[in-house]
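Heads up: the structure comes next, in structure tokens.
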Amino acid sequence: MSVGAVDLEARRIEELSLNASGAFQSLMYDGWLVGFRPGPTKRLRCVNAFYSTSLPLDEKVDYCTRFYRSVNLPAIFRMLPFSQPAQLDAYLESLGWDRFERTLVMRADVPLRSQLPARRYPVEIIDVPQWVQATAGLLDLAGDARLAAVDRAKSYPLPHAGAIVRRHGEVVACGLVKLEGAYAGLFALNTAPAHRRQGLGAAIVRALLADASQQGSRAAYLQVTADNEAALALYRQLGFEQVYDYWYRGHASERA
């Protein structure tokens with residue numbers, strides 16, 4: 001693919017991944033998407049500086065800082081190779097905003113279902129509200145967080161499905177696929193520590209890709225932190241390659 005085509009696809013994948021997050025609480029502010037949904041997912045409670053801007057940069061950063069203070073959330077910016085304006089990252093660094101949690105966004109062609117190898121382990125494909133209940137222990141979802149996740153799954157407007165592997169009745173590996181257009185986003189890929197390095201993660205990914213292929217997807221994407229060497233090795237083995245990366249900027253005292 002040409003540099004221009006890669007850049008266009010990266011921007012599209014970025015839009016898709018935010019759509020896939022569901023129930024996105026945000027404000028549009030002069031080309032910046034200011035997300036403020038509380039919870040552990042930082043990309044839903046940060047500034048995503050996507051589009052061209054017109055206001056002075058110092059004014060905009062000050063506005064966002066004050067806004068997050070008003071909603072009792074830490075002020076965080078998510079920096080992309082195509083963030084606008086181009087000098088935003090350097091400007092935040094000059095003000096002492098720390099860079100942290102670099103993440104890679106990876107892409108792979110979705111093979112035809114017939115081209116996928118036979119599964120070594122039985123993988124169940126189930127509806128997502130049921131998946132949330134089944135994986136609550138593995139993903140550490142309890143109480144209100146679990147109920148909120150079930151509600152979001154029930155109201156999510158696009159096709160999606162969950163995958164699980166059970167051992168002795170216990171869910172030990174899981175993942176989600178969310179479909180939009182020709183793209184399949186893979187999320188919440190997780191294997192219980194005691195069951196890692198046994199091929200369960202690969203089985204989950206292949207099962208989700210098979211489901212996506214059956215529904216017409218032609219490309220898949222996922223996100224993984226840059227220091228997760230085991231996951232990176234697995235995804236590369238499965239044909240995923242880096243398209244772009246992103247990182248966060250925030251003050252050390254309030255970036256959790």
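The values are calculated or read from the model by the stated rules, or taken from the named source; none is laboratory data. What you see is a predicted model; the values in this text were computed from it and never measured. Glycine also receives a Cβ, built like all others from the backbone with ideal geometry; neighbour counts cover every protein chain displayed. What goes into the accessible areas is simple: the full protein's heavy atoms, side chains included, and nothing from ligands, DNA or RNA. Shrake-Rupley method; radii C 1.70, N 1.55, O 1.52, S 1.80 Å.
For the reader, a short list of remarks on this structure follows.
- Counted residues, the range 50-72 - those being surrounded by 13 or more Cβ atoms within 10 Å (Cβ to Cβ) and at pLDDT 95 or above: 8
- For the range 55-64, the criterion of being closer than 30 Å to LEU209 by Cα and among the acidic types (Asp, Glu) is satisfied by no residue at all.
- Of all residues assigned to the range 176-190, at least one qualifies as being small (Gly, Ala, Ser), open to solvent by 50 Å² or more (accessible area, probe 1.4 Å) and assigned to a loop (DSSP other than H, G, I, E, B).
- Of the residues GLU59, GLU101, the single one that is more than 20 Å from ASN19 (Cβ to Cβ), assigned to a strand (DSSP E or B) and of a type outside the set (Phe, Trp, Tyr) is GLU101.
- Selected residue [under 22 Å from THR103 (Cα atoms), open to solvent by 30 Å² or more (accessible area, probe 1.4 Å), out of contact with any Leu (no Cβ under 7 Å at 6 or more places or on another chain) and assigned to a helix (DSSP H, G or I)] from ALA194, ALA230: ALA230
- One residue stands out in the range 234-256 among those that are open to solvent by less than 60 Å² (accessible area, probe 1.4 Å) and assigned to a helix (DSSP H, G or I): the one that is farthest from THR41 (Cα to Cα), namely LEU234.
For (1) within 19 Å of VAL132 (Cβ to Cβ); (2) at pLDDT 95 or above; (3) β-branched (Val, Ile, Thr), each residue gets a yes or a no:
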residue: LEU158; (1), (2), (3): yes, no, no
residue: PHE187; (1), (2), (3): yes, yes, no
residue: ALA210; (1), (2), (3): no, no, no
residue: GLY216; (1), (2), (3): no, no, no
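- Checking each residue in the range 73-97 for being closer than 22 Å to GLU254 by Cα, open to solvent by 60 Å² or more (accessible area, probe 1.4 Å) and touching a residue at least 40 places away in the same chain (Cβ under 8 Å) picks out only GLU93.
- Flag if LEU147 is open to solvent by less than 10 Å² (accessible area, probe 1.4 Å), of a type outside the set (S, T, N, Q) and part of a helix (DSSP H, G or I): no
- Applying the criterion of being more than 30 Å from ASP151 (Cα to Cα) and of a type in the set (Asp, Glu) to the residues of the range 12-70, the residue that is nearest to the chain's Cα centre (by Cα) is ASP30.
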